[in-house]
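Working notes, beginning with the structure itself.
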């Protein structure tokens, strides 16, 4: 996957929304979007009215940036969702939420999806007892995700053991002491708190 090397805060400003790409910093006064909530560039504060296509495109770009996926992979999620039963947009968001890197982030093990992706890449986790180092791995209901035994004494995971479980999505559970979590159910639309208008993405791809 191509790596974005510019400031991540510019992405939030470009999309006009906080995408929470930098973990804890996004919740402090240092957040660039809080200090300057306009698009980057000399003319960012005076952009003209956006067309319907432009709005749909921005919604797609925003969603890609939230989950950290590139265009080809994102298109595959849409095509998979379109073949599934149910509402295509909701299916697509469910698939994105079920990515292993996102699940690690949602469990609170990673401060951001980017950090969670790095942890998965470095083979710190097992799914149902089997090592998985692919961030795009799609989890299923009933899957057990755990930090591997030979990694549990790492300083980073020792700190995780002492953390308090925050607002965990109801489709997940995580035990900090055991460094183990479980997929209780597949995420429904009401379980996904990201401010995404998925119907606009479906309309864009349906043209």
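Values as computed for the structure displayed
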read-out	value
From 196, 104, 145, residue being in a loop (DSSP other than H, G, I, E, B), crowded, with 18+ Cβ neighbours inside 10 Å and touching a residue at least 24 places away in the same chain (Cβ under 8 Å)	196
Per-region count, the stretch 169-193, residues part of a loop (DSSP other than H, G, I, E, B), in contact with a helix residue (DSSP H, G or I) (Cβ under 8 Å, 6 or more places away or on another chain) and over 16 Å from residue 144 (Cα atoms)	2
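We did not get these values from a lab; they are worked out from the coordinates using the rules stated. These numbers were taken from a predicted model, which means no experiment stands behind them. Counting neighbours? That spans all protein chains shown, and the Cβs are built from the backbone with ideal geometry, glycine included.
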